[in-house]
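The values are calculated or read from the model by the stated rules, or taken from the named source; none is laboratory data. Keep in mind that this is a model prediction, so the values were computed, not measured. Neighbour counts run over all protein chains shown; Cβ positions are idealised from the backbone, glycine included. Note: areas computed on protein heavy atoms with side chains; ligands, DNA, RNA excluded. Shrake-Rupley method; radii C 1.70, N 1.55, O 1.52, S 1.80 Å.
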Amino acid sequence: MLSGGCGSGRVRRARHFHANVHDLRHTPDDESHDRFPHPRPFSRAREKGDSRVADAAFTLRSRFLDMRLDLSMTLRDLLGCLTVPDLKDLVGYLPDGAKIARKDDLIERIVVAMLGPELKAVWALLDETQQLAVGEAAHHPLGEYSDRRFRARYQRAPAFHIAPVKSYSYSAGKRTALCLFIQYAPDEGRYVVPTDLRPRLQAFVPPPPPPGIESSEALADDPCLTVRLTERDALQDVVIMLRTIEQARVQVSDKTALPGAATLRLLGDKLAGGDYYPEEVKQHEWDQEIGPIKAFAWPLLLQAGGLAVGVSGRLQLSPGGVKAVSTPPAQVLRGLWQKWLKSTLLDEFSRVDAIKGQNSKGRVMTAVAPRRAAIEATLQACPIGRWIAVGAFSRFMRATDRVFAVTHDAWKLYVCDRQYGSLGHAGWGGWDILQDRYILAFLLEYAATLGVVDVAYQHPARARSDYREVWGTDDLSFLSRYDGLSAFRVTPLGAYLLGREPAYQPPAVASSVALSFSPGLQLDILRGVLASEETLLLDNWAVPLQPGSWRLDHERSLSAIEKGHDIAELKGFLESAGGLPLPAPVESFIGLCQRNGKALKMLGSAVLIECRDPETAAQIAGRPETSSLCLRAGPKTLVVRTSQLAKFRERVRSLGFGMVA
């Protein structure tokens with residue numbers, strides 16, 4: 001423990017060090033430096049783009065903080081860092097209000113009062129918000145007060161200073177009584193309750209309840225909102241994507257792995273329910289485009305998940321992708337989600353087109369895995385099936401210290417102009433501009449596409465106004481294409497993908513229609529109108545005969561099972577809409593499809609090889625070196641597994657035969 005106040009050499013050096021580097025901590029915790037009185041001498045170097053000084057100071061500070069973890073500061077130590085006028089302000093809040101001139105006497109008077117019986121009288125001077133701040137800090141493991149945490153949780157901030165009478169004054173104003181409890185510790189680089197004061201406060205100050213996240217059972221009526229139920233869409237989309245790739249119709253860039261314009265149009269038409277926003281025709285050259293979101297995400301998700309690989313500008317199924325075709329879709333989605341959390345294929349923030357400089361020289365953007373981990377950990381804490389506003393989700397992340405950084409240097413990011421529009425200017429590169437945009441992109445483009453969350457959204461134009469203070473945004477109708485996302489809720493499928501549930505059962509379609517059954521496996525609507533998802537369900541298992549009539553079809557049903565659909569979902573719908581029990585022919589049809597739908601299993605691909613004559617085929621198939629690698633498929637034909645082809649070629653060559661394409 002340091003002693004002797006700020007007069008000691010160690011503390012003087014600590015004060016000098018932190019005075020130089022405190023402004024350089026580019027962490028989400030420092031949204032409001034201006035609220036606290038500490039110097040910012042490196043601001044000019046930052047504004048001039050001298051990031052080397054900042055990076056060096058940041059590295060030194062990180063090492064320094066590692067060394068100081070076991071240090072602690074008492075009330076006397078921290079008071080020693082204040083000036084005499086500041087100490088006189090604080091003595092004025094003590095019960096007797098005695099006039100004292102010497103610094104040592106001022107410190108002694110405050111210590112005696114705060115560590116003695118007068119503590120509760122001083123506590124009573126605090127308003128409700130200030131008392132909450134003391135409670136948060138006193139019961140924190142390190143005694144720390146975090147302005148970021150407090151603002152996120154209570155959506156207000158305690159007053160550390162009384163505003164000066166003269167608006168043009170450079171002074172922060174007279175200190176409030178709160179500064180007797182929470183003080184800036186230069187050796188800690190943070191605001192803390194002194195170590196010897198904490199146990200006395202903990203004895204009578206109630207601890208804050210655990211932070212909670214605001215949620216609701218239903219959304220408020222808003223004609224501007226579109227609600228997208230993603231669970232069924234995702235289960236269908238993953239199968240559609242695998243089949244489309246199987247047909248070699250998905251084109252991607254060999255360099256970036258991103259889908260091309262033709263592919264985006266194709267997928268926008270094929271994916272269940274289409275993309276989130278319809279394609280818009282630009283009225284003016286300067287108009288912003290939303291563009292594809294789901295269609296953009298799917299090729300990347302499948303590549304990151306190892307189910308597809310780019311070959312000569314087109315995606316092909318990998319061995320894992322071939323296997324995924326016959327795997328239940330929910331299992332495939334779970335694998336894709338887990339792989340995406342660790343993938344480096346794409347930084348979601350790169351899709352925020354209006355913010356430039358992301359590819360500038362040097363280390364600009366942070367690693368994506370810690371960002372995704374912070375969001376995923378917060379999703380783990382969200383209630384299943386309840387709507388959560390994106391703003392509430394963001395505040396909950398900060399209130400629970402699930403925070404992350406998007407950039408190493410906000411000065412390198414800008415809107416329109418590198419100098420005037422730099423996000424390094426005070427307030428322009430805060431959490432709402434950077435972290436919130438990343439959260440929006442991650443939730444709408446990837447979490448919703450995989451069915452982890454249902455979403456409620458509107459057109460992004462003017463949906464958010466938090467970026468209007470940034471220079472160069474006057475002509476922007478939105479900062480990102482994801483600005484329209486308003487709320488979300490974790491789905492049952494999402495609970496399975498997040499690992500919160502061990503298994504997943506597709507929900508039965510609860511129908512408002514009534515069906516009748518006719519001979520020949522025919523279904524007819526008696527009353528009501530099928531919902532779009534009910535129509536999609538019937539299209540998987542039955543062929544339409546005429547409006548309002550379908551016939552269950554063996555071939556279509558087997559195809560649906562091959563794609564990973566569960567016939568139990570059809571059975572649940574028919575029981576709901578047609579009543580119990582189902583007719584015997586329908587029960588028999590469902591049972592037969594269930595038994596035979598997976599009668600054969602694809603183990604892998606193989607290559608047909610034609611020999612020059614039957615004798616050569618017989619010789620190769622009969623030799624011990626090659627007999628275990630091939631099978632006869634005709635007089636002159638051999639079959640070799642693709643995975644064994646290289647070894648087969650090598651063994652054949654050792655027998656004295658060559659193989660050409």
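What the table below lists for this structure:
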item	result
Out of Asp196, Asp222, sole residue that is among the acidic types (Asp, Glu), farther than 14 Å from Ala137 by Cα and more than 25 Å from the chain's Cα centre (by Cα)	Asp222
Any hit, the range 448-467, residues being part of a loop (DSSP other than H, G, I, E, B), open to solvent by less than 10 Å² (accessible area, probe 1.4 Å), among the small types (Gly, Ala, Ser) and out of contact with any Pro (no Cβ under 8 Å at 6 or more places or on another chain)	yes
Subset of the range 571-597 [part of a loop (DSSP other than H, G, I, E, B) and surrounded by 12 or more Cβ atoms within 10 Å (Cβ to Cβ)]	Gly579, Leu582, Pro583, Gly597
Checking Leu333 against (1) at pLDDT 95 or above; (2) in contact with a strand residue (DSSP E or B) (Cβ under 9 Å, 6 or more places away or on another chain); (3) of a type outside the set (Val, Ile, Thr), the condition it does not meet	(2)
Given (1) surrounded by 15 or more Cβ atoms within 10 Å (Cβ to Cβ); (2) closer than 27 Å to Glu118 by Cβ; (3) touching a Gly at 6+ places or on another chain (Cβ under 8 Å), number of the condition Pro207 does not satisfy	(1)
Residue that is modelled with pLDDT of 90 or more and not hydrophobic (A, V, I, L, M, F, W, C), where the choices are Pro186, Pro210	Pro210
Every residue from the range 336-356 that is within 17 Å of Ala441 (Cβ to Cβ), open to solvent by 20 Å² or more (accessible area, probe 1.4 Å), in contact (Cβ under 8 Å) with a residue 24 or more places away in the chain and in a helix (DSSP H, G or I)	Leu341, Arg351
Selection within the range 618-661 - among the hydroxyl-bearing types (Ser, Thr, Tyr), over 24 Å from Leu317 (Cβ atoms) and in a helix (DSSP H, G or I)	Ser627, Ser628, Ser654
Residue among Gly520, Gly499 that alone is more than 30 Å from Pro583 (Cα to Cα), at pLDDT 85 or above and either assigned to a loop (DSSP other than H, G, I, E, B) or open to solvent by less than 10 Å² (accessible area, probe 1.4 Å) (or both)	Gly499
Of all residues making up the range 262-300, the number that are under 23 Å from Leu479 (Cα atoms), of a type in the set (Val, Ile, Thr) and modelled with pLDDT of 90 or more	2
Single match in Ile290, Ile245 (criterion: open to solvent by less than 40 Å² (accessible area, probe 1.4 Å), touching a residue at least 24 places away in the same chain (Cβ under 8 Å), assigned to a loop (DSSP other than H, G, I, E, B) and of a type in the set (A, V, I, L, M, F, W, C))	Ile290
In the range 384-412, the residues that are open to solvent by less than 40 Å² (accessible area, probe 1.4 Å), in contact with a strand residue (DSSP E or B) (Cβ under 8 Å, 6 or more places away or on another chain) and either farther than 30 Å from Gly472 by Cα or of a type outside the set (Ser, Thr, Tyr) (or both)	Gly385, Trp387, Ile388, Val390, Phe393, Val406, Ala410
The range 543-570, residues that are open to solvent by less than 70 Å² (accessible area, probe 1.4 Å) and either part of a helix (DSSP H, G or I) or in contact with a Lys or Arg (Cβ under 8 Å, 6 or more places away or on another chain) (or both)	Val543, Ser557, Leu558, Ser559, Ala560, Ile561, Ile567, Ala568, Glu569, Leu570
Some residue of the range 488-495 being open to solvent by 30 Å² or more (accessible area, probe 1.4 Å) and in a loop (DSSP other than H, G, I, E, B)	no
Flag for Asp127 being more than 28 Å from Gly430 (Cβ to Cβ) and open to solvent by 40 Å² or more (accessible area, probe 1.4 Å)	no
For Pro370: the one exception among (1) under 13 Å from the mean Cα position of the chain (by Cα); (2) under 27 Å from Glu289 (Cα atoms)	(2)
When residues of the range 248-275 are limited to those that are in a loop (DSSP other than H, G, I, E, B) and either under 20 Å from Ala354 (Cα atoms) or out of contact with any helix residue (DSSP H, G or I) (no Cβ under 7 Å at 6 or more places or on another chain) (or both), the one least open to solvent (accessible area, probe 1.4 Å)	Gly260
Selection from the range 295-335 of residues that are polar (S, T, N, Q), outside any helix (DSSP H, G or I) and open to solvent by 50 Å² or more (accessible area, probe 1.4 Å)	Ser312, Gln316, Ser326
Qualifying residue in the range 258-268 (condition: farther than 21 Å from Asp483 by Cα and either among the β-branched types (Val, Ile, Thr) or touching a Leu at 6+ places or on another chain (Cβ under 7 Å) (or both))	yes
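Condition check ((1) under 30 Å from Ser557 (Cα atoms); (2) in contact with a Pro (Cβ under 7 Å, 6 or more places away or on another chain); (3) exposed (fewer than 11 other Cβ atoms within 10 Å of the Cβ); (4) charged (D, E, K, R)) across all residues:
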position: Leu603; (1), (2), (3), (4): yes, no, yes, no
position: Val607; (1), (2), (3), (4): yes, no, no, no
position: Pro614; (1), (2), (3), (4): no, yes, no, no
position: Thr626; (1), (2), (3), (4): no, no, no, no
position: Gly656; (1), (2), (3), (4): no, no, yes, no
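Every residue, every condition in (1) open to solvent by less than 20 Å² (accessible area, probe 1.4 Å); (2) touching a strand residue (DSSP E or B) at 6+ places or on another chain (Cβ under 6 Å); (3) charged (D, E, K, R); (4) modelled with pLDDT of 95 or more, yes or no:
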{"position": "Leu94", "(1), (2), (3), (4)": "yes, no, no, no"}
{"position": "Ala101", "(1), (2), (3), (4)": "no, no, no, no"}
{"position": "Glu118", "(1), (2), (3), (4)": "no, no, yes, no"}
{"position": "Leu132", "(1), (2), (3), (4)": "no, no, no, yes"}
{"position": "Glu144", "(1), (2), (3), (4)": "no, yes, yes, no"}
{"position": "Asp147", "(1), (2), (3), (4)": "yes, no, yes, no"}
